[in-house]
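Here's the structure, in structure tokens; my notes come after.
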Amino acid sequence: MKLLDAVALLETIPNSCLYKGQVGTIVEVYEPDVFEVEFCDIKGQTYALKTLSADKLLLLHHSPVSEQEAA
């Protein structure tokens, strides 16, 4: 995962109003597997900004990917 990738939550984050399946964008990379993710509504307004580890995120793809990229 890298800066500006679209991701989805793999689990609900307690006490944060963030639920499994919500989509966000990586806006900062702190460590190889730690990211700041911004969650915005359909109008582009940010409703949450959360530091999350890669194991809580699913990388989303908007075009075909190779088997190597998908791994």
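The values are calculated or read from the model by the stated rules, or taken from the named source; none is laboratory data. Since the model is a prediction, treat every value here as computed from it, not as a measurement. Cβ sites come from the backbone with ideal geometry, for glycine too, and all protein chains shown count toward neighbours.
Could you list all residues from segment 49-71 that are modelled with pLDDT under 95 and either loosely packed, with under 10 Cβ neighbours inside 10 Å or in contact with a Cys (Cβ under 9 Å, 6 or more places away or on another chain) (or both)?
Quick first cut of segment 49-71, residues modelled with pLDDT under 95 only: 61-71.
Passing the criteria: His62, Ser63, Pro64, Ser66, Glu67, Gln68, Glu69, Ala70, Ala71.
For segment 19-34, how many residues meet the condition of being under 18 Å from Lys2 (Cβ atoms) and more than 8 Å from the chain's Cα centre (by Cα)?
8
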Does segment 42-52 hold any residues that are over 14 Å from the mean Cα position of the chain (by Cα) and of a type in the set (D, E, K, R), and which are they?
Lys43
May I ask you to list the residues in segment 6-22 that are among the polar types (S, T, N, Q) and modelled with pLDDT under 95?
Asn15, Ser16
Out of (1) at pLDDT 95 or above; (2) out of contact with any helix residue (DSSP H, G or I) (no Cβ under 8 Å at 6 or more places or on another chain); (3) hydrophobic (A, V, I, L, M, F, W, C), the one Phe35 does not meet is (2)
Could you look through segment 12-39, keep only residues that are within 13 Å of Ser53 (Cα to Cα) and among the acidic types (Asp, Glu), and pick out the one that is surrounded by the fewest Cβ atoms within 10 Å (Cβ to Cβ)?
Glu31
Pairs where the first residue, in segment 1-24, is farther than 19 Å from Ile42 by Cβ and touching a residue at least 40 places away in the same chain (Cβ under 8 Å) and the second is of a type in the set (Gly, Ala, Ser) and surrounded by 13 or more Cβ atoms within 10 Å (Cβ to Cβ), C-beta under 7 Å, 6+ apart
Met1/Ala54
Among the residues of segment 35-53, which ones are over 14 Å from Leu4 (Cα atoms), aliphatic (A, V, I, L, M) and in contact with a Ser or Thr (Cβ under 8 Å, 6 or more places away or on another chain)?
Ala48
